Amino acid sequence: MMDWLENDLLMTISSCEVASSDASFRRYFRVISEQCSYIVMDAPPEKENIDAFLSVAELLSASGVNVPIIYQQNKDDGFLLLEDFGSECFLDKLNAQSASGLYKIACDELFKLHSMVNTKKIALPVYDEAFFHRELVIFEEWFLNGLLDVDTPVVLWGNLNAKLISSALEQPVVCVHRDYHSRNLMYLNDNSVGVIDFQDAVLGPITYDLVSLLKDCYIAWPDSEVESWMFDYYQRLIQANLIECAAEDFKRWFDLMGMQRHLKAVGIFARLHLRDSKSNYLKDIPRTLAYIIQISTQYSDFEAWGGYLEHQILPKFEGYLLT
C-alpha cells in the first residue's frame with residue numbers, strides 16, 4: 001500500500017495509522033500527505049468486490065448522496081484513495097438530546113437514496129425471494145445450529161420465513177444501501193452526513209434502510225420515538241408519491257422488515273465470532289434479539305416464534321456467554 005502511495009502516486013506520506021476495520025475483510029488507513037488527510041481502503045481482491053464499490057459510489061454521487069470522493073484507484077491490489085470524512089460516526093454523537101436532529105439529517109440523506117437514485121444506470125442485484133431466503137438461513141446456520149447447537153423448529157421456521165418474505169416483496173422497490181445505520185453514517189463539521197459502506201447496495205423494499213437506521217443493532221430508542229420518526233418519514237414518502245399504502249400497512253412492513261434484518265444480523269454476529277474471531281459483536285446479540293421478540297408479541301402470526309426465542313433461545317444464549 002505504501003509503495004503504491006509513495007512510488008506510483010508520488011505522495012509524501014508523513015503519517016499512516018489504522019482508521020477502522022469492519023465486519024468484512026476490508027481495512028481502512030488514515031494517511032497524511034502535505035497536511036491533507038485521506039483514507040486508503042484496503043480491500044483484498046480475492047475477498048472483496050472493489051468494482052461494486054466504484055460503480056455504486058458513482059451511482060450515489062450522481063444522485064446527490066454524500067459518499068466519499070475517490071481520488072485514485074488500484075484495482076489489481078484492491079486499494080482506493082478516498083476522501084476523509086473524519087472519525088466521528090453518528091453512533092459517537094447520538095444521545096437523548098441529539099437524536100432527533102441527527103435522525104432528521106440521516107433521513108434527509110436517505111430520502112435522496114429513495115427518490116433520486118437512477119436505478120437504471122447500473123444493474124444492481126435484486127432482493128428477490130431467493131435472496132431473502134439466503135439471508136434468513138444465516139440465522140439458522142450460524143446462530144441456532146452453529147453457536148447454540150439447536151435444531152431448527154421446522155414448521156415454526158418455515159412459517160416465519162414465508163410471512164417475512166411475503167411482506168418484503170409487497171413493498172415498493174427502491175435503491176437499498178443495506179447497512180444504513182449509525183456506524184456507517186459519518187458526522188461532518190457542517191452538520192451533514194457522509195455515507196460509507198454502500199458497496200452492497202441492491203434494489204429492494206422501501207422500509208429496509210429506514211428500519212436499519214431507526215432500529216439500529218448498536219443503539220436502541222423508546223418505541224414512541226421510533227414510531228414518531230418512522231411516521232414522519234412515511235408522510236414524506238406519501239407526499240412524494242413514492243408509496244400509496246395506509247400508515248398501519250407501512251408500520252407492518254417496517255416491523256416485519258426489521259425482524260428479517262435483525263434475524264440476519266444475529267446470524268452474522270454469530271458468524272463473525274465463530275468464523276472470523278470477531279467476538280465483540282456477541283454483545284450486540286441481546287439487543288437485536290430483543291427487537292425480534294418485541295415485534296413478535298405485537299402480531300398474532302409471530303407470537304409462537306417470539307415465545308420460542310424468549311423462553312428457549314435467549315436463555316440458551318445467555319448460558320453460552322457464561323461458558
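Every read-out reported here was derived from the displayed coordinates using simple, explicitly stated rules and does not represent laboratory data. If you're wondering where the values come from, they're calculated on a predicted model, not measured in any experiment. Here Cβ is always computed from backbone atoms with ideal geometry, including for glycine, and neighbour counts include all displayed protein chains.
Show me the helices of the chain, taken as full DSSP H stretches, that run 20 Å or more along their long axis by Cα and average 0.0 or above in Kyte-Doolittle hydropathy.
Helices meeting the criterion: 99-115, 154-170.
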field: GNM flexibility winner over the chain from 185, 156, 144 (Cα, springs under 10 Å)
entry: 156
field: Pairwise FRET efficiency - residue 54 versus residue 104, Cβ, R0 = 25 Å, nearest 0.05
entry: 0.25
- prompt: Say the dipole of region 130-222 comes from +1 at the beta carbon of Lys and Arg and -1 at that of Asp and Glu; which of 146, 157, 172 then lies farthest toward its positive end?
  reply: 172
message: Spelling out what I want: for every residue of region 192-200, take phi, set θ = phi - 60°, compute 6.51 cos²θ - 1.76 cosθ + 1.60 (Karplus), and round to whole Hz; glycine and proline get x.
response: 10, 10, x, 9, 10, 6, 9, 5, 9
statement: For residue 322 and residue 282, extending 7 Å from Cα along the Cα-Cβ vector and measuring point to point gives, in nm, a value of 1.4
message: If you take every residue apart from residue 118 with its C-beta less than 15 Å away from the C-beta of residue 118, what net charge results, scoring Lys and Arg +1 and Asp and Glu -1?
response: +2
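At 1.306 mPa s and 10 °C, plugging the Kirkwood radius over alpha-carbon pairs of region 90-322 into Stokes-Einstein gives what diffusion coefficient in µm²/s?
87
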- prompt: Using alpha carbon centroids, what distance separates region 174-210 and region 1-71, in Å?
  reply: 18
task: Would you work out the charge dipole size for region 2-83 about its Cα centre, treating the Cβ of every Lys and Arg as +1 and the Cβ of every Asp and Glu as -1, and quote it to the nearest 20 debye?
output: 260
query: How about residue 75: which aspartates and glutamates have a C-alpha closer than 12 Å to its C-alpha, ignoring those fewer than 8 places off in the same chain?
result: 42, 46, 48, 51
query: With springs only between Cα atoms under 10 Å, which of 264, 283, 215 fluctuates most in a Gaussian network model of the chain?
result: 283
- request: State, to one decimal in nm, how far the label point of residue 76 lies from the label point of residue 37, with both points 7 Å from Cα in the Cβ direction.
  value: 3.2
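Shape call for region 26-73 from the C-alpha gyration tensor, a ≥ b ≥ c root eigenvalues: rounded (a/c under 1.5), prolate (a/b greater than b/c) or oblate?
oblate
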- request: Evaluate the charge dipole of the chain about its Cα centre and quote only its size in Debye, nearest 20, assuming +1 on the Cβ of each Lys and Arg and -1 on the Cβ of each Asp and Glu.
  value: 360
message: For the chain, what does the helix formula give at 222 nm: sum of -39500 (n - 2.57) over DSSP H segments with n ≥ 4, over the residue count, nearest 500 deg cm²/dmol?
response: -13500 deg cm²/dmol
field: Computed label-point distance, nm, for sites residue 4 and residue 151 using a 7 Å Cα→Cβ extension
entry: 5.0
